[in-house]
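Right, one structure below, let's go through it.
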Amino acid sequence: MMKERFWRWYRTIPIVCMLLACLLSAASNLLPSKVIRTFFYPVKYSDVIEQASQRYGVDEYLICAVIKCESNWDASATSNAGAVGLMQLMPSTSEAVAKMGSVDSSTYSPDNLTDPTTNIMYGTAYLAYLQKNLSTRDQVIAAYNAGLGSVSKWLANGSDISQHIQYSETASYLVRVNEAYDRYKEFYPSGISESQ
């Protein structure tokens with residue numbers, strides 16, 4: 001009897017979660033875009049993001065989407081794996097970017113990744129590096145999460161990266177960043193400086 005109740009509830013939980021997600025989605029369509037933008041898709045450090053975007057040739061909406069998905073705009077965020085700051089950079093990645101000469105390490109120390117400006121510069125420089133080595137935004141996003149080596153292996157199976165991702169975390173990350181990218185473009189049609 002108890003086992004049967006457990007399985008009934010166990011099957012009900014995903015349905016309830018899906019209904020809640022649908023309700024939240026419907027409610028978000030009824031809210032004014034300024035409210036959604038302010039609470040769900042904010043932009044902080046827009047001057048720094050625009051500067052990094054121009055310097056490295058990376059779409060400002062992509063930078064915002066990565067920050068949103070990596071740290072939700074929390075400059076002090078850290079992961080269990082050791083990633084730090086807004087764009088959740090590994091210290092080894094920032095050091096490699098500095099060694100490539102992409103970021104001036106005398107101005108932006110790779111050891112100071114909790115500083116928003118430093119983190120955005122290194123994260124954007126890394127996105128630019130990935131852009132130079134890959135051909136689509138999806139490939140860049142996947143590589144930001146799984147690494148260039150993994151994406152290169154997956155691309156050997158075909159050019160549509162979304163069909164060949166072997167890590168569920170990366171597949172989910174690709175969907176989330178693309179969704180955030182689309183929302184930032186929708187809510188800031190004239191650029192992220194609208195956030196000020």
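The values are calculated or read from the model by the stated rules, or taken from the named source; none is laboratory data. These numbers were taken from a predicted model, which means no experiment stands behind them. Counting neighbours? That spans all protein chains shown, and the Cβs are built from the backbone with ideal geometry, glycine included. The area values use the complete protein model at the heavy-atom level, side chains included, leaving out ligands, DNA and RNA. Shrake-Rupley method; radii C 1.70, N 1.55, O 1.52, S 1.80 Å.
If R0 is 22 Å, what FRET efficiency do you get for T107 and V175 from their C-beta distance, rounded to 0.05?
Once the sixth-power term is evaluated, E becomes 0.05.
Please work out the Kirkwood hydrodynamic radius for segment 56-164, using every pair of different C-alpha atoms, and report it in angstroms with one decimal place. List each step's numbers first, then the result.
Values: mean 1/r = 0.0712 Å⁻¹.
Kirkwood hydrodynamic radius for segment 56-164: 14.0 Å.
May I ask you to list the lysines whose Cα is less than 21 Å away from that of K34, ignoring any residue fewer than eight positions away on the same chain?
K44, K68, K185
What ranking of D74, D47 comes out by heavy-atom accessible area, probe 1.4 Å, highest first?
Putting D74, D47 in descending order of accessible area: D47, D74.
Compute the FRET efficiency between I15 and F39 as 1/(1 + (r/R0)^6), taking r as their Cβ-Cβ distance and R0 = 25 Å, and round to the nearest 0.05. Provide the component values of the computation, followed by the final result.
Details: r = 27 Å, r/R0 = 1.08.
E between I15 and F39, to the nearest 0.05, is 0.40.
Return the sequence-ordered ³J(HN,Hα) values of segment 40-52 in whole Hz as given by the Karplus equation 6.51 cos²θ - 1.76 cosθ + 1.60 applied to θ = phi - 60°, using x for Gly and Pro.
Listing the rounded values in order: 10, 10, x, 10, 10, 6, 4, 4, 5, 5, 5, 4, 5 Hz.
How much accessible area per residue does segment 67-180 have, in Å², with a 1.4 Å probe?
Values: 5330 Å² over 114 residues.
Accessible area per residue, segment 67-180: 47 Å².
Cross-link candidates for K99: which aspartates and glutamates have Cα within less than 17 Å, leaving aside residues fewer than 8 places away along the same chain?
The qualifying aspartates and glutamates are D111.
Could you tell me the relative contact order of segment 113-177? Use alpha-carbon pairs under 8 Å, at least six residues apart, and round to a whole percent.
25
Mind giving me the nanometre distance, one decimal, between the label points for K185 and K132, set 7 Å out from Cα along Cα→Cβ?
With each label point 7 Å from Cα toward Cβ, the separation is 2.5 nm.
For S76 and K153, calculate 0.36 nm times their separation in residues minus their Cα-Cα distance, and state this gained length in nm to one decimal. Don't skip to the answer; put the middle values down first.
Working: separation 77, 0.36 × 77 = 27.72 nm, distance 3.29 nm.
The S76-K153 span can extend by a further 24.4 nm.
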